[in-house]
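Everything below concerns the one structure shown next.
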Amino acid sequence: MKRWQKTILISITVLALLACIGPFLVPVPPLEGTVTESELADPDSKFIEVDDVTIHYKEQGSGETTFILLHGFGASVFSWREVMDDFAARGRVIAYDRPAFGLTERPMPETWTANPYGMDANIELLRGLMDSLKVEKAILVGNSAGGAVSVAFALRYPERVESLILVDPGLGGGRGREFPTWALPLMRSPQMRHVGPLLVRDIAVDGDETILRAWSDASKVTAEIFDGYHKPLQAHNWDRALYELTFAPPYPELRPLLPNLKTRAFIIGGQDDRLIRAWYFEAIALEIPGAQLVLLPRCGHVPHEECPDALLTNVFQFLDSLP
């Protein structure tokens, strides 16, 4: 072997070793002051094991009609606090924390049998939750990413969904793929899983700006609201779970599947949503057969928090109009 060939081979070997070993040399200090999810529970919190994941949920009311509330990215059952009582006045209402959020258990790769954070896992977890709580059919109320889970569930299990209430839903197709599929195996490697938490811990700081942008009028965001959103960041492994969610197994795009949706759908969005623009809601309303759309003026991405009365009035008008 010639000298230049040896030099190239040695260089490649060194670079490969650095790529394999280098990330493990980066110190990742453990989170300080974190506790178990149960230690953060409220007096009305409930926990149930579904598909080997302990789910945190809250439940009110009773009756033939069941509402299941699905929060958005970075939120939790806390986000439904303004509307729980009103839904409970019309039946049984269940709000639960999706995996990686709130006070639901955050399984880690070393303990799970399958990644619980992807869309497919979310669909099956919702089915399991309904089975465990003896819910045969429900009205799904999904905000933002929770709307995507609701639609995906309705496409797979239409017989389990009475109707869809999509609150500022994010169903994909608005900005294109945000991370190339070919890079996912790299991001799931042991090396990246080691340093991954460092990449997402900034959410504790940057998340406040997102909360403010979720409201049309940021002056309405109180210290209590910030506290409610910050609370789950006290749970063990919140950073690792968020990283695993970000690079969970991919799922087919929902937008091309919307014409196949057989479930009655009501889309309600904030006219002044700064996270997902109102034109997007108008577009998907045209793609879902028979969908109805209402845009609320002076309201942002979380109408159930910022404009609960207007949201409830329109949702109940829609439900009352159904045969």
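Each reported figure results from applying straightforward, stated rules to the coordinates on display, with no laboratory input. Keep in mind that this is a model prediction, so the values were computed, not measured. Every residue, glycine as well, gets a Cβ built from its backbone with ideal geometry; the counts of neighbours run over all protein chains shown.
Taking other C-beta atoms within 10 angstrom as a stand-in for reagent exposure, 215, 80, 279, 112 fall in the order 279, 112, 215, 80, fewest first. Computed from backbone phi, the HN-Hα couplings of segment 117-128 come to 9, x, 4, 4, 5, 5, 4, 5, 5, 5, 4, x Hz, rounded to whole numbers (Karplus: 6.51 cos²θ - 1.76 cosθ + 1.60, θ = phi - 60°; Gly and Pro given as x). For segment 46-321, the relative contact order is 20 percent, taking Cα pairs closer than 8 Å that sit 6 or more residues apart in sequence and dividing their mean separation by the residue count. Could you list the GluC sites (Glu not before Pro) in segment 77-158 that lie in coil according to DSSP, counting only those with at most 15 other Cβ atoms within 10 Å of their Cβ? The qualifying sites are 110, 136.
Residues whose amide H lies under 5 Å from that of residue 265, counting only those 5 or more places away or on a different chain, are 164, 292; hydrogens are built 1.01 Å from N in the peptide plane. For segment 159-171, putting each phi into the Karplus relation 6.51 cos²θ - 1.76 cosθ + 1.60 with θ = phi - 60° gives couplings of 6, 9, 10, 6, 6, 10, 10, 9, 9, 6, x, x, 10 Hz, in residue order, rounded to whole numbers and with x for Gly and Pro. Treating r as the C-beta distance of residue 40 and residue 219 and R0 as 35 Å, the FRET efficiency rounds to 0.80. Each residue of segment 300-310 was assigned a 3J(HN,Hα) from its phi angle through the Karplus curve 6.51 cos²θ - 1.76 cosθ + 1.60 (θ = phi - 60°); the sequence is x, 7, 10, x, 5, 9, 8, 9, x, 5, 5 Hz, with glycine and proline shown as x. FRET efficiency for the residue 317 to residue 246 pair, using the beta carbon distance and R₀ = 35 Å, is estimated at 0.40. Once backbone amide H atoms are built at 1.01 Å from N, residue 271 has 296, 298, 299 as its partners under 5 Å, excluding neighbours fewer than 5 places away on the same chain.
Let's see if you can work this out: charge +1 on each Lys and Arg Cβ, -1 on each Asp and Glu Cβ, no other charges. What is the dipole magnitude of segment 46-321 about its Cα centre, in debye to the nearest 20?
Magnitude of the dipole: close to 460 debye.
Bridging of residue 58 to aspartates and glutamates at a Cα separation below 13 Å is possible for 42, 44, 85, 97, once same-chain residues fewer than 8 apart are set aside.
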